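Below is one structure, written out as structure tokens, with a few remarks after it.
The values are calculated or read from the model by the stated rules, or taken from the named source; none is laboratory data. The structure displayed is predicted, hence computed values, not measured ones. Cβ coordinates were reconstructed from backbone atoms using ideal geometry, including for glycine residues, and neighbour counts include every protein chain displayed. With ligands, DNA and RNA removed, areas are computed over all heavy atoms of the protein, side chains included. Shrake-Rupley method; radii C 1.70, N 1.55, O 1.52, S 1.80 Å.
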Amino acid sequence: MKRCTGCAEEMKAEASKCPHCGTRATRLHRGVDGRMLTGVCAMLAREFGIDAAWVRVLLVVGTMFTGGTLPFVYVMLWAFTPPTAMGRPPLQRTMEWLSRLGQSADVRHLERRV
């Protein structure tokens, strides 16, 4: 048993959401068993409590009916969810890398006194 961080009620240790208040017990992440390519379908399967094969079939069928919008949603889910519970999403890592681009670690800041 563990305590919910939202309402402090007791809940099962393997629960992903609190049954009392609905607060997520663990961060949504792609590092789950059964991942094949990026782990998005396996993550969604774990979240909804269904088999990952069904999510993959729904993705293919949904792609045919949405005119290609569903793969865009798939890529966005990949970009905004971390690969592990403690990791950072790929989009965040890329933005941090771009912000450091062109900066040198040994640049000294000179103070100008007036």
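Which residues, counting only those in the stretch 54-69, are open to solvent by less than 50 Å² (accessible area, probe 1.4 Å) and aliphatic (A, V, I, L, M)?
Val55, Leu59
When residues of the stretch 78-96 are filtered for being of a type outside the set (D, E, K, R) and open to solvent by 50 Å² or more (accessible area, probe 1.4 Å), how many remain?
Matching residues across the stretch 78-96 total 8.
For the stretch 32-51, give me the residue count where each residue is among the hydrophobic types (A, V, I, L, M, F, W, C), outside any loop (DSSP other than H, G, I, E, B) and out of contact with any Asp or Glu (no Cβ under 9 Å at 6 or more places or on another chain).
Residues that pass the stated criteria total 5.
Condition check: among the aliphatic types (A, V, I, L, M) and touching a residue at least 12 places away in the same chain (Cβ under 8 Å). Does Val57 satisfy that?
no
In the stretch 1-21, how many are part of a loop (DSSP other than H, G, I, E, B) and more than 16 Å from Glu47 (Cβ to Cβ)?
The total comes to 11.
Look at the stretch 1-15 and say how many of its residues are of a type in the set (S, T, N, Q) and at pLDDT 80 or above.
Residues in the stretch 1-15 being of a type in the set (S, T, N, Q) and at pLDDT 80 or above: 0 in total.
Kindly indicate whether any position in the stretch 24-31 is within 24 Å of Met11 (Cβ to Cβ), hydrophobic (A, V, I, L, M, F, W, C) and either assigned to a loop (DSSP other than H, G, I, E, B) or open to solvent by 50 Å² or more (accessible area, probe 1.4 Å) (or both).
yes
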